[in-house]
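> For reference, the structure I am asking about is given below.
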Amino acid sequence: MTNQAQALNVNITSRFWTRYLNMTVENALPYQWRALNDEVPVDVPEGAAWGENGSQFSHSLRNLRIAAGREEGVFSGQPFQDTDVSKWLEAASYALRRKNAGLNVDELEAHVNEAIELFEGAQDEDGYLDTKFELDLPAEKRFKGLRWSHELYTMGHFIEAAVAHYEVTGSKRALDIAERVANCIGHNFGDGEGQVHGPDGHPEIELALARLYEATGERRWLDLAAWFIRVRGTDPEFFDEQDAAGGPQFYTDLHMPLKYFVQDEPILDKQHAEGHAVRLLYLAAAVSKVGRLLNDQKMLDTAERLWTNIVKHRMYITGAVGSCQVGESFSFDDDLPNDLVYGETCASVAMLFYGKSLMETKPRGSVADVMEKELFNGVLSGVQLDGTRYFYVNPLEADPAASKGNPTKAHILTRRAGWFDCACCPANLGRLITSLDQYLYTVSNDGKTVYAHQFVANKTEFEDGFTIEQTQAGDEYPWSGDITFHVSNPNGLDKKVAVRIPQWSKDYTLEVNGEAVELPVVDGFVTVDASAADTEIHLVLDMSVRRVRASLRVRADIGKLAVARGPIVFCMEQVDNKGPLWLDGMSADANVSESYEPDLLDGVEVLKVKGSRLESPTDDQYRAVDAPLTEREETLTMIPYYAWCNRAEGQMQVWVRETK
Ligand code: FUB
Ligand code: ZN
């Protein structure tokens, strides 16, 4: 299966997503540039994010300017501080295409060129490119402390940015730098005499090299990506040996097990998603991608196995992954605490990289359903509606008093931050949103079947003159489920369009050219013949409100209900409900009224649930059961989860106490 190679020009027209795209291009990316340029302070409360190094400002661009000889000074920030600029560069490169939608991207383009020039100036003659090492450490320390050095993670993000820039602009300026980086890595790593025989503590280079291979056609980058996948976990002593040999030390007070680094066993033997969530997910996405490109069955099986483990046992209803703050990690099956959750924004973004790759191997509605869940919930909750404040951690239950008073919950912010000391998430969100067009279609290898798997209104031209225009009626998706695909096939090619029937839609109606049809749902898709010059596929999904219970395996959600409508998960916020929210309840058949409120939170569906509120006859801390509690009628207000924390600070919860 292929993806954007055959979808030449995807023009997103969705009202919902155009707002996000334009907000990212016009607000978020310019704001992030200012943050990278030390014009926005780090404002995370103490203890809230891992890895604080006490910096008040990002210093990322300054590090590059110093390394490029444009400014005097010393390095500051995380060892991987350059990646904030690289991810921004990747996001901004995609964003340049919004010029076609009439946006002024001149300033963004100037900053893109400035960033590339800085990377060019900072690169060493041998291709090495990492300002932490270039400014802070002697050259002989390079690649000698890979447990925490993040060197390949850092260079990998630059490679990804360069590939994006090349794909968008056709310019090879950044790509040339990236190829020199890859050459440096290829020279230093491998099975040969004197080469480093082990991986970086943070996967990323594997995905980056696979993308570099796709952009350049150079087979050695794919082989090198596969080498990094295969070497991982084969030598549990590798990091210790580097340390013993005098390798550079970072984060010396952090003692993480090998599992955290996905280095405790070969990834292809792993049965469960374990360790640091972003590390595992970047690696799993690469295993899937490289497995497809090499047709390596063991890699493909591993990618499937880990995905299944995550979505069946280790993913929250919002798509959040990573249940544990210690090590920002996965924990164990069905351990999904709502108030201790990590749910890093980067992890939800990574789930989309992973899902996209699985779709390219074998399109399945179940995978596309998860991608959709992540997009509309786990990912979007990471960013304030105006694009200038961010969540690193995405809880399903939050309480300002608990975050403040209980150190084990200090990582749960109840206000998005303007910038982080470890600012991995903001630009990761940026690069996902500005490349959303790459996540909508998957085309079969023979080019005959186009899987239109996301309900994001768009107009797309494929290489062979085939076009699909997706339009949405009413308040549009995700608020309305009335979707039409206008398919045009002027050359009368042998073509099919496969449309996803989401698992959440209990019922649906399907019409082809105005006639009701019943087609089998295979792997989550209905497939419609589209070999005529014009075909119109009209799908109406069931957007009724759903009350959801979690599996009995999930202790955190026993006796609770969640509420969803279409792909959107809802939550209660204290600004709409009196609180404490844990006293509010609803029954499984509670009456729910819905209304679209165009002026609230940039346009959201609001639910009013006929629920109740627990009342106690006494205020005693403990009381005998002969003083019964009463349920008083109460109307509960619910808004889309992604839009929480855009008004007054207060409690929030997704799962609500279930009453009779
Ligand atoms: O280690 C680099 C980045 O910092 C990771 O991807 C994030 O999870 C954060 O730990
Ligand atoms: Zn992050």
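> Please work out if L268 is under 26 Å from R219 (Cβ atoms), in contact (Cβ under 8 Å) with a residue 40 or more places away in the chain, touching a helix residue (DSSP H, G or I) at 6+ places or on another chain (Cβ under 9 Å) and surrounded by fewer than 24 Cβ atoms within 10 Å (Cβ to Cβ). If you could, list the steps in order and put the result at the bottom.
Values: under 26 Å from R219 (Cβ atoms): yes; in contact (Cβ under 8 Å) with a residue 40 or more places away in the chain: no; touching a helix residue (DSSP H, G or I) at 6+ places or on another chain (Cβ under 9 Å): yes; surrounded by fewer than 24 Cβ atoms within 10 Å (Cβ to Cβ): yes.
No, not satisfied.
> If you check V311 against the conditions, is it among the hydrophobic types (A, V, I, L, M, F, W, C), closer than 19 Å to S551 by Cβ, away from ligand 2 (no atom under 15 Å from the Cβ) and under 19 Å from the mean Cα position of the chain (by Cα)? Even if it seems obvious, please write down each step before you answer.
Details: among the hydrophobic types (A, V, I, L, M, F, W, C): yes; closer than 19 Å to S551 by Cβ: yes; away from ligand 2 (no atom under 15 Å from the Cβ): yes; under 19 Å from the mean Cα position of the chain (by Cα): yes.
It is true that V311 is among the hydrophobic types (A, V, I, L, M, F, W, C), closer than 19 Å to S551 by Cβ, away from ligand 2 (no atom under 15 Å from the Cβ) and under 19 Å from the mean Cα position of the chain (by Cα).
> Could I ask something else about it? If only one of L440, L432 is touching a helix residue (DSSP H, G or I) at 6+ places or on another chain (Cβ under 8 Å) and under 26 Å from R211 (Cα atoms), which one is it? I'd like the intermediate steps shown before the answer.
Numbers: L440 fails: touching a helix residue (DSSP H, G or I) at 6+ places or on another chain (Cβ under 8 Å).
Just one listed residue meets the conditions, L432.
> Moving to a separate point now. For residues that are farther than 19 Å from I412 by Cα, buried (at least 24 other Cβ atoms within 10 Å of the Cβ) and more than 16 Å from ligand 2 (Cβ to nearest atom), scanning just segment 332-366, find the one that is farthest from the chain's Cα centre (by Cα).
To start, the set of residues in segment 332-366 that are farther than 19 Å from I412 by Cα comprises 332-334, 350-366.
The next check asks that each one be buried (at least 24 other Cβ atoms within 10 Å of the Cβ); those that pass are 350-352, 354-355, 357-358.
Of the ones still in play, those that are also more than 16 Å from ligand 2 (Cβ to nearest atom) are 355, 357-358.
Working: G355: 10, S357: 13, L358: 15 Å.
Among residues in segment 332-366 that are farther than 19 Å from I412 by Cα, buried (at least 24 other Cβ atoms within 10 Å of the Cβ) and more than 16 Å from ligand 2 (Cβ to nearest atom), the one farthest from the chain's Cα centre (by Cα) is L358.
> Do you know which residues across segment 625-660 are among the acidic types (D, E), in a loop (DSSP other than H, G, I, E, B) and within 43 Å of the chain's Cα centre (by Cα)?
Here is the first cut: in segment 625-660, the ones among the acidic types (D, E) are 626, 631, 633-634, 649, 658.
Now narrow it down to the ones that are in a loop (DSSP other than H, G, I, E, B): 626, 649.
Correct list: E649 only.
> Further question: In segment 316-328, which residues are within 16 Å of ligand 2 (Cβ to nearest atom), more than 13 Å from the chain's Cα centre (by Cα) and crowded, with 24+ Cβ neighbours inside 10 Å?
E328
> List every residue pair whose Cβ atoms lie under 7 Å apart, where the two residues are 6 or more positions apart in sequence or sit on different chains, the first residue falls within segment 15-43 and is free of Cβ contacts under 8 Å to residues at least 60 places away in the same chain, and the second residue, located anywhere, is crowded, with 22+ Cβ neighbours inside 10 Å and charged (D, E, K, R).
L36/D84; D38/R62
> Let me ask you something else. For segment 491-510, give me each residue that is closer than 24 Å to E461 by Cα and in contact with a helix residue (DSSP H, G or I) (Cβ under 7 Å, 6 or more places away or on another chain).
Taking segment 491-510 and keeping what is closer than 24 Å to E461 by Cα, we get 491-501, 510.
Answer for segment 491-510, where residues must be closer than 24 Å to E461 by Cα and in contact with a helix residue (DSSP H, G or I) (Cβ under 7 Å, 6 or more places away or on another chain): R500, I501.
> Here are some conditions: (1) of a type in the set (F, W, Y); (2) over 19 Å from D369 (Cα atoms); (3) under 29 Å from the mean Cα position of the chain (by Cα). F485 meets all but one. Which one does it not meet?
Every listed condition holds for F485 apart from (2).
> From the list N406, N377, which residue is away from ligand 1 (no atom under 16 Å from the Cβ) and buried (at least 23 other Cβ atoms within 10 Å of the Cβ)?
The unique qualifying residue is N377.
> So which residues in segment 187-196 are surrounded by 15 or more Cβ atoms within 10 Å (Cβ to Cβ) and either of a type in the set (S, T, N, Q) or out of contact with any Phe, Trp or Tyr (no Cβ under 8 Å at 6 or more places or on another chain) (or both), if there are any at all? Before the answer, list the steps.
Filtering segment 187-196 for residues surrounded by 15 or more Cβ atoms within 10 Å (Cβ to Cβ) gives 188-190, 196.
N188, the sole residue that qualifies.
> Which count do you get for residues in segment 496-513 that are in a loop (DSSP other than H, G, I, E, B) and either over 32 Å from the mean Cα position of the chain (by Cα) or over 29 Å from K373 (Cβ atoms) (or both)?
Our first condition is that a residue be in a loop (DSSP other than H, G, I, E, B); within segment 496-513, this holds for 501-507, 513.
If we keep only those that are either over 32 Å from the mean Cα position of the chain (by Cα) or over 29 Å from K373 (Cβ atoms) (or both) as well, we get 513.
The number of residues fulfilling the criteria is 1.
> Related question: May I ask you to say which residue of Y282, Y251 is surrounded by fewer than 19 Cβ atoms within 10 Å (Cβ to Cβ) and within 15 Å of ligand 1 (Cβ to nearest atom)?
Y251
> Right, next: Going through V74, V85, V112 one at a time, which residue ends up being within 16 Å of ligand 1 (Cβ to nearest atom) and touching a residue at least 24 places away in the same chain (Cβ under 8 Å)?
On inspection, the qualifying residue turns out to be V85.
Each row is one residue, and each column tells you yes or no for (1) under 19 Å from G127 (Cα atoms); (2) within 16 Å of ligand 1 (Cβ to nearest atom); (3) not hydrophobic (A, V, I, L, M, F, W, C).
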| residue | (1), (2), (3) |
| --- | --- |
| K172 | yes, no, yes |
| N188 | yes, no, yes |
| I205 | yes, yes, no |
| L209 | yes, no, no |
| L212 | yes, no, no |
| T216 | yes, no, yes |
| L222 | yes, no, no |
| V231 | no, no, no |
| P236 | no, no, yes |
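> Of the residues S86, S76, which is polar (S, T, N, Q), touching a helix residue (DSSP H, G or I) at 6+ places or on another chain (Cβ under 8 Å), part of a loop (DSSP other than H, G, I, E, B) and crowded, with 20+ Cβ neighbours inside 10 Å? Step through it out loud before you land on a result.
On the way: S86 fails: part of a loop (DSSP other than H, G, I, E, B).
Residue meeting the stated conditions: S76.
> Applying the selection to segment 252-290, what residues are in a loop (DSSP other than H, G, I, E, B) and within 16 Å of ligand 2 (Cβ to nearest atom)? Before you say what the answer is, go through the steps one by one.
Step one: of segment 252-290, the residues in a loop (DSSP other than H, G, I, E, B) are 252-257, 262-266, 270-275.
Matches in segment 252-290: G275 only.
> Any residue that is within 27 Å of the chain's Cα centre (by Cα), over 22 Å from A225 (Cα atoms) and among the basic types (K, R) - is there at least one of those in segment 140-152?
No: zero hits.
> Can I ask one more? Please enumerate the residues belonging to segment 346-379 that are more than 18 Å from C571 (Cα to Cα), of a type in the set (S, T, N, Q) and in contact with a helix residue (DSSP H, G or I) (Cβ under 6 Å, 6 or more places away or on another chain).
Matches in segment 346-379: S348, S357, T361.
> Can you work out which of the residues in segment 411-430 that are in contact with a Cys (Cβ under 9 Å, 6 or more places away or on another chain) and not in a loop (DSSP other than H, G, I, E, B) is farthest from ligand 1 (Cβ to nearest atom)?
Initial filter on segment 411-430 (in contact with a Cys (Cβ under 9 Å, 6 or more places away or on another chain)): 413-416, 424-425, 428-429.
If we keep only those that are not in a loop (DSSP other than H, G, I, E, B) too, we end up with 424-425, 428-429.
Numbers: C424: 4, C425: 8, N428: 8, L429: 13 Å.
Applying the filter and picking the extreme gives L429.
> Would you check if A303 is away from ligand 2 (no atom under 16 Å from the Cβ), without any contact (Cβ under 8 Å) to a residue 12 or more places away in the chain and either under 25 Å from V604 (Cβ atoms) or aliphatic (A, V, I, L, M) (or both)? Talk me through it step by step, then tell me what you get.
On the way: away from ligand 2 (no atom under 16 Å from the Cβ): yes; without any contact (Cβ under 8 Å) to a residue 12 or more places away in the chain: no; either under 25 Å from V604 (Cβ atoms) or aliphatic (A, V, I, L, M) (or both): yes.
No.
> So, in segment 504-516, of the ones that are surrounded by fewer than 13 Cβ atoms within 10 Å (Cβ to Cβ) and not acidic (D, E), which residue ends up nearest to E360 (Cα to Cα)?
Looking only at segment 504-516, we keep the residues that are surrounded by fewer than 13 Cβ atoms within 10 Å (Cβ to Cβ), and these are 506-507, 513-516.
Applying the additional criterion that residues be not acidic (D, E) yields 506, 513-514, 516.
Details: K506: 26, N513: 29, G514: 31, A516: 30 Å.
Going through the qualifying residues, I end up with K506.
The numbers here are math on the coordinates, done by the rules we state, and not lab data. A quick note: this is a predicted structure, and the numbers were derived from the prediction, not measured. Using ideal geometry, Cβ is built from the backbone for each residue, glycine included, and neighbour counts are taken over all protein chains shown.
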